[in-house]
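Novice: Before I ask anything, here is the structure I am working with.
The values are calculated or read from the model by the stated rules, or taken from the named source; none is laboratory data. Quick caveat, the model's predicted, so the values are computed rather than measured. Neighbour counts are summed over all protein chains in view; Cβ atoms, including those assigned to glycine, are modelled from backbone coordinates with ideal geometry.
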Amino acid sequence: MRTLKDEIIEMIRLEGPLTVERYMDLCLGHPTLGYYTTRDPFGLDGDFITAPEVSQIFGELLGLWAGLVWRDMGSASPVRLIELGPGRGTLMADALRAITRAFPTMTAALEVHLVETSPVLRARQQQTLADAGVKVTWHHEITAPLAGPVIILANEFMDALPIQQFVAMQTGWHERLVGLDDQGALMFGLAAEPTHDGLGEAEPGDTMEIPRAGQRLIRFVAEHIVAHGGAALLIDYGAFAQGTTDTLQAVRQHRFVDPLADPGQADLTAQVNFERLANSAALANACVHGPASQAAFLVSLGLHERAEALKTGATLAQSRAIDAAVTRLAAMSERGMGELFKVLAFSHPSLKALPGLHLVWSPDQRQADEDT
């Protein structure tokens, strides 16, 4: 059987080395051999576990967040609740349950739209949301569901968008490429000529990661929100500010593996550069909120209170499982989800306060800077 690795090697032989951005795009999104188009990667039997699979509380709190934002939008009707990369549909199912309970009038105004390219995951989402109580529509790309006021949720979506990598040498920044060694195996290398993109000064060996796909997406979505109303919430693992390290990684069966070993058979991700995404939203004149740690965000929304409510009437084993899930979601250790994952939002300029996050930039600030 022909593998994605075979196709990539042949492509390099015919066309030359691939950029890291192109390589990631093929590994994750190839129409027949890509990672996300061929499997359900979630859970203990998959390659990784995301927050919605850890506890129902995560999705419920995001549903409450969406409801509070909707209320502050003036209870817009209709309003589109859009999720990017909805996994198994678990987050949306939990969010809708919380919305129905806390904001029953929102349900009548709600249109749910899921952006999903994987036929495998789309089928799983349809099963999960079969009894959601609202109409759910699926799309292959974000352009289709954007209409009127929107509330957008994206959990662990941005980290899977392809990035460019550049490595600093004495001669300047050189783009990192995927080519072939003398034995015909995949290997990393650098473009012979330096880039002229003006990436700034650096020490030789430093790595710069540019999420151009993510920046384009955020700019596009932010422009719609500024024009039509709403907000977007991004939760992902990454850093507050731009770093100069290589964060590209591959995960298979809950273990880190060589990103070049088996293209299409492992999840490829890179840490999200929240600073660049925030700047993209600001350039569209959206208000920017955060980023904050996932722990701080969830706690401010009532993580512990919801956990105590769930423990009412629970068995000792169930109570311990709830406590373990809360600890996992909010752990502030170096590799804990509470610290490693960050939360960033952007909104229409009229929404200067969003639940759980601090306003860090608004178009008023730009106007004030121009006036001075």
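Novice: Need pairs with beta-carbon distance below 8 Å; first residue buried (at least 18 other Cβ atoms within 10 Å of the Cβ) and within region 195-224, second of a type in the set (Lys, Arg); sequence gap 6+ or separate chains.
Specialist: Ile210/Arg276; Pro211/Arg276; Gly214/Arg276; Gln215/Arg276
Novice: Ok, one more. Take region 140-172 and flag every residue that is among the polar types (S, T, N, Q) and either buried (at least 20 other Cβ atoms within 10 Å of the Cβ) or within 30 Å of Ala202 (Cα to Cα) (or both). Walk me through it before giving the result.
Specialist: Within region 140-172, the subset among the polar types (S, T, N, Q) is 143, 155, 164-165, 170-171.
Once the filter is applied, which keeps residues that are among the polar types (S, T, N, Q) and either buried (at least 20 other Cβ atoms within 10 Å of the Cβ) or within 30 Å of Ala202 (Cα to Cα) (or both), region 140-172 yields Asn155, Gln164, Gln165, Gln170, Thr171.
Novice: Would you mention how many residues in region 176-194 are within 23 Å of Glu7 (Cβ to Cβ), of a type in the set (Asp, Glu) and either in contact (Cβ under 8 Å) with a residue 40 or more places away in the chain or in contact with a strand residue (DSSP E or B) (Cβ under 8 Å, 6 or more places away or on another chain) (or both)? Can you show your working first?
Specialist: Residues of region 176-194 within 23 Å of Glu7 (Cβ to Cβ): 176-189, 191.
In the following step, the residues that additionally are of a type in the set (Asp, Glu) were identified as 181-182.
Now narrow it down to the ones that are either in contact (Cβ under 8 Å) with a residue 40 or more places away in the chain or in contact with a strand residue (DSSP E or B) (Cβ under 8 Å, 6 or more places away or on another chain) (or both): 181.
Residues that pass the stated criteria total 1.
Novice: Sticking with this structure for a sec: Here are Val288, Val257: which of them is of a type in the set (Val, Ile, Thr), modelled with pLDDT of 95 or more, under 23 Å from the mean Cα position of the chain (by Cα) and under 30 Å from Gly179 (Cα atoms)?
Specialist: Values: Val288 fails: under 30 Å from Gly179 (Cα atoms).
Among Val288, Val257, only Val257 is of a type in the set (Val, Ile, Thr), modelled with pLDDT of 95 or more, under 23 Å from the mean Cα position of the chain (by Cα) and under 30 Å from Gly179 (Cα atoms).
Novice: Just one of Arg71, Arg2, Arg39, Arg80 is buried (at least 21 other Cβ atoms within 10 Å of the Cβ) and farther than 30 Å from Glu193 by Cβ; which is it?
Specialist: On the way: Arg71 fails: buried (at least 21 other Cβ atoms within 10 Å of the Cβ); Arg2 fails: buried (at least 21 other Cβ atoms within 10 Å of the Cβ); Arg39 fails: buried (at least 21 other Cβ atoms within 10 Å of the Cβ).
Answer to the check: Arg80.
Novice: Of the conditions (1) more than 28 Å from Gly148 (Cα to Cα); (2) in contact (Cβ under 8 Å) with a residue 60 or more places away in the chain; (3) loosely packed, with under 15 Cβ neighbours inside 10 Å; (4) polar (S, T, N, Q), Ser333 fails just one. Which one is it?
Specialist: (2)
Novice: Exactly one of (1) modelled with pLDDT of 95 or more; (2) out of contact with any Pro (no Cβ under 6 Å at 6 or more places or on another chain); (3) within 30 Å of Thr195 (Cα to Cα) is unmet by Leu64. Its number?
Specialist: (3)
To keep it simple, each residue is scored yes or no on (1) under 30 Å from Asp94 (Cβ atoms); (2) of a type outside the set (A, V, I, L, M); (3) modelled with pLDDT of 95 or more; (4) more than 27 Å from the chain's Cα centre (by Cα).
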position: Phe157; (1), (2), (3), (4): yes, yes, yes, no
position: Ala160; (1), (2), (3), (4): yes, no, no, no
position: Leu186; (1), (2), (3), (4): no, no, yes, yes
position: Leu199; (1), (2), (3), (4): no, no, no, no
position: Gly238; (1), (2), (3), (4): yes, yes, no, no
